[in-house]
Amino acid sequence: MIEIQDIHKAFGPKEILRGVNLSIPKGESMVIIGGSGTGKSVTLKCILGLVHPDKGKILVDGKDVEKQDREEFLSRFGMLFQGGALFDSLHVWENVAFRLLRGKLKRPKKEAREIAIEKLRRVGLTPDVADQYPAELSGGMQKRVGLARAIAAEPEIIFFDEPTTGLDPIMSGVINDLIREIVVEMGATAMTITHDMTSVRAIADKVAMLHGGKIRWTGPVSELDTCGDPYVHQFVSGSAEGPIEAVR
Amino acid sequence: MGLLSPIAALGRNVLSALAWVGRLSIFAAGTVRHIFTPPWYPREIWHALLTIGWLSLPVVGMTAIFTGAALALQIYDGSARFSAEAVVPQIVAIGMVRELGPVLGGLMVAARVASSVAAEIGTMKVTEQIDALVTLSTNPMKYLTAPRVLAATLSMPALVAVGDVIGIMGGYLVATQRLGFNAATYITNTVNILSFDDVFSGLVKGAVFGFLIALMGCYQGMQSGRGAQGVGKATKTAVVAASVLILASNYLLTEVFFSA
Ligand SMILES: Nc1ncnc2c1ncn2[C@@H]1O[C@H](COP(=O)(O)OP(=O)(O)OP(=O)(O)O)[C@@H](O)[C@H]1O
Ligand SMILES: [Mg+2]
C-alpha cells in the first residue's frame with residue numbers, strides 16, 4: 001500500500017507538484033497519465049526518496065519513507081527509469097543481475113547470470129546480448145534491459161517509467177503482457193507511467209491523471225472513457241481541442 | 001545602496017566560498033567514513049587502482065624525466081655564477097624529491113584523473129545512473145567515490161616514488177652526458193644528501209594530493225548540473241579546483257615538514 005499525501009515540489013521558481021494525493025493498494029496496477037513535463041517522473045522519484053518533496057508525506061505500508069533504513073526499504077522496489085539508466089561500464093547481464101551480485105541478495109555468479117539471461121528472455125532479448133555492453137544496443141533494446149533489471153530481484157513494488165516508449169507495436173504488446181503477468185502472478189504492486197493508451201488499457205487496474213500539479217482524476221480503467229472529465233477525455237482521445245492548452 | 005553593492009558582492013562571494021568549503025568537508029568526511037566501513041567493492045577498487053595509478057605511470061614518468069633534466073641544466077648554469085657547479089646532484093635530488101616530483105606529478109595526475117572521474121560520474125548523474133544505483137540498494141558514495149579516493153590516495157605515493165627515481169635519472173643523464181659529471185660521484189652525492197625526511201615528506205604530499213584529486217573529481221561529478229553542459233562545467237571545475245588545492249596544500253605541508 002502506497003499513500004501519497006499532499007506532495008509539493010518546486011524546482012526553483014517552477015512549481016511542479018502542488019498537492020498530489022494518491023493511494024495505491026497492495027497488488028494493484030496503477031497507471032499514471034498526463035502531459036509531458038507535468039511531473040510524473042518526479043512523483044515516482046519522490047516515492048523512492050531520490051527527490052525530496054518540499055511538503056507532504058509518503059507512506060509505504062503505513063511507514064514514512066523518509067524515516068526508514070534506506071537500503072532495507074529500497075530492496076523491496078524495482079524501477080525502470082525513463083532513460084534506461086543502464087551502467088555503461090558493466091555488461092548487459094551484470095546490469096540485470098546487479099542486485100544479485102552484491103549486498104543481501106548476493107548469490108553465486110553463475111546462478112546470477114542464469115537468472116539474468118532468463119529475465120532477458122522474458123523481455124524478448126536473446127542470450128547473446130548478455131555479454132554486450134549497453135552502448136552496443138538500440139534504444140528499444142536498452143529499455144528492455146532496464147525492464148529486466150527492474151524485475152530481476154522479484155521486487156514487491158515495481159515502477160515503470162514509460163516501459164513501451166520506443167518499442168515496436170509487437171514488442172509493446174509483449175511488455176504490456178509481461179507487466180500484467182508480474183502483477184497477477186507475483187502479486188506485485190505496480191505504478192506505470194505511459195503515454196500509450198493501448199498500454200493503459202492492457203496494464204491498468206486503476207488510472208490517475210496528473211495535471212496542473214495535482215491528480216485531476218483517478219478511477220478504475222473501465223471508467224476511463226465514461227468519467228466525463230473533459231481533461232481526461234481530451235487526453236484519451238488525443239485531440240488538440242479541449243481544456244488542456246497545446247501551445248503552438 | 002550603490003556604494004555598498006561592491007561590498008555586498010564581496011560578502012556574497014566569501015559566503016558562497018565558505019559554503020563550498022563546508023560542503024566539500026562534509027563530502028570528504030563521508031568519503032573517509034565509507035572507505036573504512038563495509039561493504040567494500042574489491043572489483044571497483046582494483047579497477048580504480050588500474051586506471052588511476054597504473055595508467056598514470058607514463059604521464060608521471062615523462063613529466064619527471066624532463067623536469068629532472070631541465071633542473072640539472074638550470075642549477076648548473078645558476079651555480080656557475082658562484083663557482084658551485086658541484087651542487088647539481090644534491091639540488092636536483094632535493095628539488096625533485098621534496099617539491100617537483102610530488103607537485104608536478106600531482107598536477108599531471110589532476111589533469112588526467114580529476115577530469116575523467118568528474119566526467120564519468122557527472123555523466124552517470126545526468127543519465128540517472130546514480131539514481132539507479134540508489135534504487136538498487138547501493139550507496140554511490142561507497143560504490144563510486146570510496147574506491148576512487150582510496151585508489152588515488154594509495155597510488156599517488158607510489159607514482160611519486162617512481163617519478164623521483166626517473167627525475168633524478170633525468171638529471172643524472174644530462175649531468176653525465178652533457179655537463180661532464182663523473183657518474184659514480186653523481187650517484188654517491190645523490191644518495192648521501194637525501195635523508196629519510198626528504199623522501200617521506202614527498203610521499204606524504206603525494207598521498208594528500210591523490211586524495212584531493214579523486215575527491216574533487218567525485219565531488220564535482222556528483223554535483224554536476226543537467227545535460228552535457230553540466231558535465232563539461234563539472235569537469236573543468238574539478239581540474240581547476242584540484243590543481244589549486246594541490247598547490248595550496250603543498251605550501252601548507254612544506255611549512256609543516258620543513259619550517260621548524
Ligand atoms: N532535477 C531537476 N531539476 C530541475 N528541474 C527538474 C528536475 N527534475 C525534473 N524537473 C522539471 O520538472 C518537470 C517535470 O519533470 P518530469 O520528468 O517529472 O516530467 P514527466 O511528467 O515525467 O514528463 P515526460 O512525460 O515528458 O517524461 C519538468 O519541467 C522538468 O524540467
Ligand atoms: Mg517522465
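The values are calculated or read from the model by the stated rules, or taken from the named source; none is laboratory data. Because the structure is a prediction, the values reported are computed rather than measured. Methodologically, a virtual Cβ is constructed for each residue, glycine included, from the backbone with ideal geometry; neighbour enumeration extends over all protein chains shown. Ligands, DNA and RNA are excluded from the accessible area calculation, which covers all protein heavy atoms including side chains. Shrake-Rupley method; radii C 1.70, N 1.55, O 1.52, S 1.80 Å.
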TODO: For the range B:40-258, with all protein chains present and a 1.4 Å probe, just round the carbon and sulfur fraction of the accessible area to a whole percent.
DONE: 70 percent
Task: the protein assembly as shown - charge dipole about Cα centre, Lys and Arg +1 at Cβ, Asp and Glu -1, debye rounded to 20 - done: 640 debye
TODO: Mind running the shape call on the range B:1-118? Use the C-alpha gyration tensor, a ≥ b ≥ c as the square roots of the eigenvalues: rounded below 1.5 for a/c, prolate if a/b tops b/c, oblate otherwise.
DONE: oblate
Open item on the list: Less than 16 Å apart at the alpha-carbon level, and either on another chain or at least 8 residues along: which lysines does that give for A:LYS104?
Closed with: B:LYS142
Open item on the list: Output the 0 to 90 degree angle, nearest 10, between the alpha-carbon long axis of helix B:115-126 and the longest principal axis computed from the alpha carbons of chain B.
Closed with: 10 degrees
Task: Pairwise centroid distance, computed over Cα atoms, of the range A:43-76 with the range A:80-96, Å - done: 23 Å
TODO: Select from the range A:142-173 all residues whose loss of accessible area on going from the chain by itself to the full protein assembly reaches 20 Å² or more (probe 1.4 Å).
DONE: A:ARG149
Open item on the list: Test of understanding: in a Gaussian network model of chain A with alpha carbons linked when under 10 Å, which of A:PHE235, A:PHE11, A:PHE87 would top the mean-square fluctuation ranking?
Closed with: A:PHE11
TODO: Give me the accessible area of B:TRP40, 1.4 Å probe, in Å² rounded to the nearest 10.
DONE: 130 Å²
TODO: Over chain B, give the accessible area per residue in Å² for a 1.4 Å probe, as an integer.
DONE: 49 Å²
TODO: Please report, as a whole percent, how much of the solvent-accessible surface of chain A comes from carbon and sulfur atoms (probe radius 1.4 Å).
DONE: 51 percent
Open item on the list: Shape verdict for chain B, please, from the Cα gyration tensor: rounded (a/c under 1.5), prolate (a/b greater than b/c) or oblate.
Closed with: prolate
Task: Helical mean residue ellipticity (222 nm; -39500 (n - 2.57) per DSSP H run of 4+; nearest 500) of the protein assembly as shown - done: -18000 deg cm²/dmol
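As a quick test, which of the pairs A:LYS14/A:LYS206; A:LYS63/A:LYS110; A:LYS9/A:LYS110 have an alpha carbon distance above 32 angstrom in this structure?
A:LYS63/A:LYS110; A:LYS9/A:LYS110
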Task: Shielding by other protein chains, A:66-79, mean Cβ within 10 Å - done: 2
TODO: Pairs of Cα atoms under 8 Å, at least six residues apart: use those to get the relative contact order of chain B, whole percent.
DONE: 31 percent
Task: Buried solvent-accessible surface, both chains (B, A), 1.4 Å probe, Å² to nearest 100 - done: 1600 Å²
- [ ] Using only the Cα atoms of the range A:153-215, build the gyration tensor, take square roots of its eigenvalues as a ≥ b ≥ c, and label the shape rounded, prolate or oblate: rounded if a/c is under 1.5, else prolate if a/b is larger than b/c, else oblate.
- [x] oblate
- [ ] Report the longest stretch of chain A that contains none of the GluC sites (Glu not before Pro) sitting in a DSSP loop with at most 11 other Cβ atoms within 10 Å.
- [x] A:1-240
Open item on the list: Using Cα springs under 10 Å in a Gaussian network model of chain B, which residue among B:THR176, B:THR63, B:THR135 shows the largest mean-square fluctuation?
Closed with: B:THR135
- [ ] Quick one: check the C-alpha center-to-center distance for the range A:226-248 versus the range B:5-69, whole angstrom.
- [x] 52 Å
Open item on the list: Using amide H atoms built in the peptide plane, which far-off residues or other-chain residues are under 5 Å from B:GLN223 H to H?
Closed with: none
TODO: Express the accessible area of chain A per residue in Å², computed with a 1.4 Å probe while the remaining protein chains stay in the model.
DONE: 45 Å²
Task: Heavy-atom accessible area, 1.4 Å probe, ligands and nucleic acids excluded: residues of the range A:84-125 down by at least 50 Å² from chain alone - done: A:PHE87, A:PHE98, A:ARG99, A:ARG102
